[in-house]
Amino acid sequence: MRRMVSAAGLVCRFGEKGLTLGLAQACGEGGPVDLTGALTVPSGDRGPAYNGWDRARDLAFNMALPYLHALEPIGETGLFLEVYRAFGKLQDNDLTKEMSRRLLSPGWLGVVKSARRQRGLIQLHRFLTGARRRGFSKFP
């Protein structure tokens, strides 16, 4: 229910200009911080946010930036790719914790300090375990 309310909040926020243009403008104006802010949806009753900062960062890095980059015309400057590269570390999840523990000695744990490196750990996990991407198993 909270995710549905969050989605409704984003629809209201970007209703006139559209989600794609709204996210692109937020990204172009202030990079990762403004893009994340554009994806947050606070609650109206001072309770927990419908879409808080950590979840908004995950959405920005894993959904919005790849989508926006795919829409960039060939030969453009690569603004969205630059923002993707500048994204700081996201919240850890079970896969990043497991792969860090298995692959990195304690002295190297500080190496994973960006979202791209976390994404690399997840990709390594998928490669080493033969896991397919969830939701795409029906397609070639």
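Coordinate-derived values only; no laboratory data. Note that this is a predicted model, so its numbers are computed, not measured. FYI the Cβ positions are ideal-geometry reconstructions off the backbone, even for glycines, and counts take in every protein chain you see.
General observations
- Filtering the range 45-76 to residues that are over 17 Å from PRO32 (Cα atoms) and not in a helix (DSSP H, G or I) leaves ASP45, ARG46, GLY47, PRO48, ALA49, TYR50, GLU72, PRO73, ILE74, GLY75, GLU76.
- Selection of first residues in the range 88-104 that are of a type in the set (Val, Ile, Thr) and of second residues that are surrounded by 12 or more Cβ atoms within 10 Å (Cβ to Cβ), restricted to Cβ pairs under 8 Å at least 6 apart or on distinct chains, gives the following pairs, ordered by first then second residue: THR96/VAL112; THR96/GLN118; THR96/LEU121; THR96/ILE122.
- Some residue of the range 54-69 being surrounded by 13 or more Cβ atoms within 10 Å (Cβ to Cβ), closer than 30 Å to LEU128 by Cα and aromatic (Phe, Trp, Tyr): yes
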